[in-house]
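What follows is calculated from the coordinates using simple rules that are stated; it is not laboratory data. This structure is a prediction, so every number in the text was calculated from the model and none was measured. All Cβ positions, even for glycine, are placed from backbone atoms using ideal geometry, and neighbour counts span all protein chains on display.
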Amino acid sequence: MIENVVRLYSDLGKVDEMEMLLEIFTEFNQVGEALLQLHCGIIRFYAMMDRLDDVEFSVGRMMSQGMSFKSPSDVEKVISSYFRQGAYERLDLFLEHIKRFARSDLRICCWHMRSSDKLT
């Protein structure tokens, strides 16, 4: 259900509403898949809009709650945003940060994308 809500809010550009939902979930100590989907939906939205400051804040917030990215495609969206903005130093910092927290399959995805020809 939360996946559909996140998709709808993203499609409508309602990131503030997703942020409010995240606040409510956090306030009531909700954990698990729904909270992770909400975090990832917010990050995806900011990445698609190339709002790097918001991406970095949201990633830090998610990871401070002990969560990591749900899928390699979410990481790809973030990395692509860094490339579109030409923010290579910030990308290096992002990759350093997530490699400590992300599952190994996500780290491999990140490092592969970083060295691939399609991103250079």
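Rounded to the nearest 0.05, the FRET efficiency derived from the C-beta distance between Thr26 and Arg84 at R0 = 35 Å is 0.70. Taking packing as the residue-averaged number of other Cβ atoms within 10 angstrom, the listed peptides 84-97, 41-54 run from highest to lowest as 41-54, 84-97. The label point for Asn4 and the one for Phe57, both projected 7 Å from the Cα toward the Cβ, are 3.1 nm apart.
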